[in-house]
Amino acid sequence: MAPPARFPAARTMRRLLVLGALLGALIGLFAGLLLDRSTVSSESQIVFSVGTGINGSADAAATENQYLGNRMTTYAELTQSDRVLGPAARQLGTTVDALRPLVTASATSGNTTLTLATRSADPEAAAAATRAVDGSLISTITAIETSPGLAPPIVGAVTSPPTVPAAPFTPPLGLAVAAGAVAGLVVALLAAAARATGLPQRATRAVLRWVFSTPAGAEPPRPPRPLGPPRPSSPPGPPAPVVPGTLSVPEQVRADSASDTGPSSAASTPTVGASG
């Protein structure tokens, strides 16, 4: 009798390797496409202050600063408007709908600093978009807050200009596919070898025994009581035999009653013959 084979058949091995390579290549392609779509962000900071064209008294300056602090949240929301994004989109050669989801702005009420960020797959394009939105926002706020014939009451200045972020690492798509295929081949080979040695089966049985085993010192589970119709009761047995020379219970009761009443009743009954 030939000894059992230690590895799967050659045809099964080839199928496993081909399947592993295909799955790995698909995973590498998907990962390469995701990395190719990754974006970077370029940030800038704009500080708004009270202009010099208003009343220079201390009370007026305090009132304007309080007004400005309360307006910062509105200024941040203004970055999503067409009035701000329209000029920036025309400068960048794109559309407002394409630029809007890439722009974010944050500001805290009471703080006069606004942080603006723009995302793009190209670091240079991200920095250029942030500069365009910064200029459009400052111009729009100045036009909104300034009354005709007066100096701008609110002045915005970019204190932290946008910088060019580092480009993300994006491997070539072909390299990602090849790496995925090689990784799939290695995984398939390991899986075939583990199956041939029976290691997964033994590990599964060991885990099942450990999960369903009874702890030391614990009472083993009792088998369930079989289901079925109730058992019939046993018929009554034969009466106990009477020993000769003894009386049964009724006869003994009557005998005891006669012995208790016999002598007194005989003494009290007169004899007819004697009285005559």
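The values are calculated or read from the model by the stated rules, or taken from the named source; none is laboratory data. None of the values given here were measured: they were computed from a predicted structure. Positions of Cβ are backbone-derived with ideal geometry, glycine not excepted, and every protein chain shown enters the neighbour counts.
Please tell me if residue 196 is over 23 Å from residue 75 (Cα atoms), in contact with a Lys or Arg (Cβ under 6 Å, 6 or more places away or on another chain) and either charged (D, E, K, R) or modelled with pLDDT under 90 (or both).
yes
Tally the residues that are exposed (fewer than 15 other Cβ atoms within 10 Å of the Cβ) and either among the β-branched types (Val, Ile, Thr) or outside any loop (DSSP other than H, G, I, E, B) (or both), restricting the search to the stretch 101-140.
Matching residues across the stretch 101-140 total 6.
Can you name every residue in the stretch 142-162 that is within 15 Å of residue 65 (Cβ to Cβ) and not in a loop (DSSP other than H, G, I, E, B)?
145, 154, 155, 156, listed by residue number.
Given the conditions (1) under 13 Å from residue 51 (Cβ atoms); (2) surrounded by 18 or more Cβ atoms within 10 Å (Cβ to Cβ), report the number of the one that residue 157 does not fulfil.
Failed condition: (2).
Pick out the one residue from 13, 72 that is outside any loop (DSSP other than H, G, I, E, B), modelled with pLDDT of 75 or more and more than 29 Å from the chain's Cα centre (by Cα).
Going through 13, 72 in turn, just one is outside any loop (DSSP other than H, G, I, E, B), modelled with pLDDT of 75 or more and more than 29 Å from the chain's Cα centre (by Cα): 72.
Looking at the stretch 64-100, which of its residues are closer than 17 Å to residue 41 by Cβ and loosely packed, with under 13 Cβ neighbours inside 10 Å?
Passing the criteria: only 98.
I'd like the full set of residues that are at pLDDT 75 or above and over 30 Å from the mean Cα position of the chain (by Cα), limited to the stretch 171-187.
174, 175, 177, 178, 179, 181, 182, 185, 186
Quick one: count up the residues across the stretch 90-110 that are touching a residue at least 12 places away in the same chain (Cβ under 8 Å), closer than 20 Å to residue 77 by Cα and over 37 Å from the mean Cα position of the chain (by Cα).
1
Can you name the residue in the stretch 145-154 that is in contact (Cβ under 8 Å) with a residue 60 or more places away in the chain and loosely packed, with under 14 Cβ neighbours inside 10 Å and is also nearest to residue 91 (Cα to Cα) among such residues?
The qualifying residue nearest to residue 91 (Cα to Cα) is 151.
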